[in-house]
Structure formats: structure tokens, C-alpha cells
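Here the structure is laid out as C-alpha cells; the discussion comes afterwards.
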Amino acid sequence: MSEEVNEQELVQYIADQVKVNAASIKLVLKHEQTFINSSKENAKGEVEVDSDELVDYVLSRPDIKLDEPTVESILETEMDFLMEKGIAGYED
């Protein structure tokens, strides 16, 4: 996650949208960051993340007690937040 992102603001935004407690959101985001950090960069220096692989990875962590739709919602809402801030976007 970029230093430009205020983690508290992001977690609150997700909690307001998805209605999940902050601790669970932070855990999902922590595992997401681990997944991204272990992904290889392409020729442009960007990391392409397959959302299905990411969700599967997060759900495979033993400390995640959320269901698949909830994890997907957290990650999608995070992306909405990052897009609103102009930090991230989707590739076609």
C-alpha cells in the first residue's frame, strides 16, 4: 500500500461500506500486501494482480475467518477508494 494512503481513512471507508470490523479489514489488507509484495513486476515495473488469485490467497490464511464474498467486497471497496484518490486503476 502506498505511503500516500492514510490507513485509518482507508479502513474507515471500507468499514462504512462493507460493515466489517476494522481488525478484520486490516488483516485482509495485510495479507493482500504480502501477496502483492511476492508478485513479480512486469517490464514496466508494475505488478499485475489477478483478483481471483488474491482472494484465494487471503482466504487460505489461517487467521482469516471471513467468507469469500466479504473478502471480495473489502478488496473491491479498497480499489474504489484508491481510484477515488487517483492512486490506482484497472488495466483493460
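Below is a table of values for the structure above.
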read-out	value
Charge context of Asp16, other residues only, Cβ under 12 angstrom, K/R +1, D/E -1	-1
Residue-normalised accessible area of the stretch 13-92, expressed per residue, 1.4 Å probe, Å²	65 Å²
Estimated FRET transfer efficiency when R0 is 25 angstrom, pair Met79-Ala43 (beta carbons, to 0.05)	0.60
Carbon plus sulfur fraction of accessible area for the chain, probe 1.4 Å, in percent	45 percent
Choice from Val71, Val11, Val49 with maximal GNM fluctuation in the chain (Cα, 10 Å cutoff)	Val49
Helix-derived mean residue ellipticity, 222 nm - over the chain, DSSP H n ≥ 4, -39500 (n - 2.57), to 500	-19000 deg cm²/dmol
Most mobile listed residue (Lys30, Lys65, Lys44) in the chain, GNM with C-alpha springs under 10 Å	Lys44
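The values are calculated or read from the model by the stated rules, or taken from the named source; none is laboratory data. Given the structure is predicted, the values throughout are model-derived calculations rather than measurements. Note that each Cβ is placed from the backbone with ideal geometry, even for glycine, and that neighbours are counted across all protein chains shown. Protein only, heavy atoms only, side chains kept; ligands, DNA and RNA dropped before computing areas. Shrake-Rupley method; radii C 1.70, N 1.55, O 1.52, S 1.80 Å.
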